[in-house]
Amino acid sequence: MLPRQFSFLYALCFVYVGFAAHISAAVETAGDISSVASLDSNSVNESIDTQTNWRTGTYATLPASDQLISGDIKPFGSQLFDGGFRGLRADGLNAEYLITPGDLVVLRIWGAVELEQVIPVDARGNVFIPSIGPVKVQGLSHKAFDSSIRAAVRSVYPENVHVYTQVQGVQPVAVFVTGYVAKPGQYAGTPNDSLVYFLDQAGGVDDSLGSYRSIDVMRGGDVIYSIDLYDFLLKGILPRPQFRDGDTLVVKERKATVLVSGDVERSYRYELKKNEMSGRALLELARIKPRVSHVLIQSEKDSQPYSDYLTLSEFQTQLLSDGDEVQLSIDKRSEIIVVEIEGSYYGPSRHSMPRDVMLHDFLNTIAVPEGITDVSSISIKRKSVALRQKASLEESLKRLETTYLGASSSTPQEAAIRVQEAELISRFITRASKAEPNGRLVVASNDHIANIRLQDGDVISIPEIEDSLLISGEVLVPQSVVFVAGRDVNEYIEGAGGFSQHADDDHILIIRQNGEVRAAMDVDLKAGDEILVLPKAPTKNLQLATSITQILYQLAVSAKVINDI
């Protein structure tokens, strides 16, 4: 049988879940956020500073582990060479392939004469057909090759002869890959393999020095193709030279590059040609996010740091230099916000309006069902409040973990008990830390609604008039009952079977429909309320029980967070 303190811990976990099933939101009083006593400002700032807040005009600084280090940003195009091409070797047989010495062709003749033979193309570029002689085929496409063979056969057998031809196999080639690649060398392939096939075999373009925009195909000391891989990456255009044995691929040195980060789909270093050193050319390459409005340029001029902040249109005419760093940002505040309504109302659930609209002005435009709407219990769910509540919960759990799990034991027996207790409390902390508060803001109190400015994303809750009351927490039978005026808290608790063995009858809370939390002794009950009985700390293991009870009390009374876990 478990010691009494362990039974209590299990009970606390169940109580915590029970609280969550009935209380869906965290609460914070409008106009008095600073009065929340246990809110740790450092933890709040740490949480909020990692968010871009356009409402206040502040912009985020990423946590150190998430910050982009410019040296870690790869060149655009580096994703090409992850081995996706080297395993796909072509057979060389396509409509554009030109026959070369060493290829094998199939020749079938039937009718007046019968012949079936696989014939190699000799060093002179000919195929020798018995009874007909040599036929020049080097440099011919398959269609031209077929026509040439038919003409040669019919020059000897003009009637009742049928001809079929096919290129059966091509001669392998060895191509040199050099310049700024990871593994220069000679690599085997077929004449019709693509340039990226040979580059991939060589490990791809060197990310530090190689160019993705200046790759030469050389034959006999002459450049026969100059290839820009950006055309392939952005447009799907890739020249397909037919390689010969001894051809050389040369990856040139990279020229000017500009680093692009910020509000882009992915940060890259982009390589610009001499005639492209402008913001307009860079924007044609980078994939920026919608609504980007400004660009920060960081560079060096005359051996001095230089920076400039331009609108997107101004940036298009800006001249760029090698090594510039460009950060794009969505830095234009919308004059329109969108708020949502839930509960008892007529009309659409979402509304767009000017960003300076006040709550009273907005409520005056909303029609509600007369006689069934509790207009005195309006509340707001707000994202910024949820962030503060989340930060405070994490700080409370951190204090619990530091204070209790780090405590020492004086005897082996005490140490054994602490090991078991530590497992329970760790489980409690893990589950509680996953909570996501919805940020309820109390705006209605004593039949008065605070006239606050609405924010983008606010959800305004307008409840219906209730005729029931909920009893939950440390009672024997948690339940909802019909509200009866004049009955007090104890009468409702007796109707729910009375207190459980872990109940603390000195800590009973009343949670109002508007999210407000009050002590039971300070309030008269009304329909829609919830009676929440908190657990009592046991006499043994007082430190642990007190710590957990304080967190549960904080969650409910101080309006931090009650969550589903």
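The values are calculated or read from the model by the stated rules, or taken from the named source; none is laboratory data. Note that the structure is a prediction, hence the values are computed from the model and not measured. Every residue, glycine as well, gets a Cβ built from its backbone with ideal geometry; the counts of neighbours run over all protein chains shown. Accessible surface is based on the protein model in full, side chains and every heavy atom, while ligands, DNA and RNA are left aside. Shrake-Rupley method; radii C 1.70, N 1.55, O 1.52, S 1.80 Å.
Mind listing whichever residues of the range 428-442 are buried (at least 17 other Cβ atoms within 10 Å of the Cβ) and over 16 Å from Gln389 (Cβ atoms)?
The answer is Phe428, Ile429.
How about the range 347-363: which of its residues are without any contact (Cβ under 8 Å) to a residue 12 or more places away in the chain and closer than 14 Å to Ile452 by Cα? Give the derivation first.
We begin by selecting, within the range 347-363, every residue without any contact (Cβ under 8 Å) to a residue 12 or more places away in the chain; these are 348-349, 361.
Residue satisfying the conditions is Asp361 alone.
This table checks each residue for (1) in contact with a strand residue (DSSP E or B) (Cβ under 7 Å, 6 or more places away or on another chain); (2) open to solvent by 20 Å² or more (accessible area, probe 1.4 Å).
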| site | (1), (2) |
| --- | --- |
| Gln413 | no, yes |
| Val419 | no, yes |
| Glu423 | no, yes |
| Asn446 | no, yes |
| Asn451 | yes, yes |
| Ile462 | yes, no |
| Ile465 | yes, yes |
| Ser468 | yes, yes |
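Would you point out the residue of the range 289-306, among those that are at pLDDT below 90 and not in a loop (DSSP other than H, G, I, E, B), that is nearest to Leu259 (Cα to Cα)?
Ser299
When residues of the range 218-231 are filtered for being within 26 Å of Gln79 (Cβ to Cβ) and free of Cβ contacts under 8 Å to residues at least 60 places away in the same chain, how many remain?
5
If we only count strands (runs of 3 or more DSSP E) wholly inside the range 489-565, which ones have 2 or more residues that are modelled with pLDDT under 90 and of a type in the set (D, E, K, R)? Show your work before the answer.
Numbers: elements: 503-511, 517-519, 530-535.
Of the strands (runs of 3 or more DSSP E) lying wholly inside the range 489-565, those with at least 2 residues that are modelled with pLDDT under 90 and of a type in the set (D, E, K, R) span 503-511.
Looking at Val153, Val161, Val127 in this structure, which one is at pLDDT 85 or above and within 22 Å of Gln242 (Cα to Cα)? Steps first, please.
Working: Val153 fails: within 22 Å of Gln242 (Cα to Cα); Val161 fails: within 22 Å of Gln242 (Cα to Cα).
Every option except Val127 fails the conditions.
Report whether or not Glu325 is within 30 Å of Lys273 (Cβ to Cβ), of a type in the set (D, E, K, R), within 30 Å of the chain's Cα centre (by Cα) and surrounded by 13 or more Cβ atoms within 10 Å (Cβ to Cβ).
Numbers: within 30 Å of Lys273 (Cβ to Cβ): yes; of a type in the set (D, E, K, R): yes; within 30 Å of the chain's Cα centre (by Cα): yes; surrounded by 13 or more Cβ atoms within 10 Å (Cβ to Cβ): yes.
Here the answer is yes, as Glu325 does meet what is asked.
Can you tell me which residue among Ser226, Ser214 is open to solvent by 20 Å² or more (accessible area, probe 1.4 Å), outside the structural domain of Leu310 (by the TED database) and under 18 Å from Phe81 (Cα atoms)?
Ser214
Residues Leu209, Leu249: which one is under 35 Å from the mean Cα position of the chain (by Cα) and outside the structural domain of Leu319 (by the TED database)?
On the way: Leu249 fails: under 35 Å from the mean Cα position of the chain (by Cα).
Just a single option satisfies the conditions, and that option is Leu209.
Please count how many residues of the range 431-453 are hydroxyl-bearing (Ser, Thr, Tyr) and either under 24 Å from Pro354 (Cβ atoms) or touching a Leu at 6+ places or on another chain (Cβ under 9 Å) (or both).
So in the range 431-453, the residues hydroxyl-bearing (Ser, Thr, Tyr) come out as 433, 445.
Filter again for either under 24 Å from Pro354 (Cβ atoms) or touching a Leu at 6+ places or on another chain (Cβ under 9 Å) (or both), leaving 433.
The qualifying residues number 1.
With the structure loaded, tell me whether Asp361 is farther than 30 Å from Ala435 by Cβ and surrounded by 10 or more Cβ atoms within 10 Å (Cβ to Cβ) or whether it fails that test.
On the way: farther than 30 Å from Ala435 by Cβ: yes; surrounded by 10 or more Cβ atoms within 10 Å (Cβ to Cβ): yes.
For Asp361, the condition - farther than 30 Å from Ala435 by Cβ and surrounded by 10 or more Cβ atoms within 10 Å (Cβ to Cβ) - is met.
List every residue pair whose Cβ atoms lie under 6 Å apart, where the two residues are 6 or more positions apart in sequence or sit on different chains, the first residue falls within the range 233-258 and is closer than 15 Å to Leu199 by Cα, and the second residue, located anywhere, is of a type in the set (Asp, Glu).
So the pair list comes out as Val250/Asp216.
Applying the selection to the range 373-406, what residues are in a loop (DSSP other than H, G, I, E, B) and surrounded by fewer than 18 Cβ atoms within 10 Å (Cβ to Cβ)?
Selection gives Gly406 alone.
Looking only at the range 259-286, count how many residues are assigned to a strand (DSSP E or B) and either surrounded by fewer than 14 Cβ atoms within 10 Å (Cβ to Cβ) or in contact (Cβ under 8 Å) with a residue 60 or more places away in the chain (or both). Let's see the steps before the verdict.
Looking only at the range 259-286, we keep the residues that are assigned to a strand (DSSP E or B), and these are 259-262, 264, 268-272, 278.
Filter once more, so that each one left must be either surrounded by fewer than 14 Cβ atoms within 10 Å (Cβ to Cβ) or in contact (Cβ under 8 Å) with a residue 60 or more places away in the chain (or both): 259-262, 264, 268-271.
Residues meeting the conditions: 9.
For the range 320-344, name all the residues that are in contact with a Pro (Cβ under 9 Å, 6 or more places away or on another chain) and under 30 Å from Ser303 (Cβ atoms).
Matches in the range 320-344: none.
For the list (1) without any contact (Cβ under 8 Å) to a residue 40 or more places away in the chain; (2) closer than 23 Å to Pro75 by Cα, I need the number of the one condition that Tyr187 fails.
The number of the failed condition is (2).
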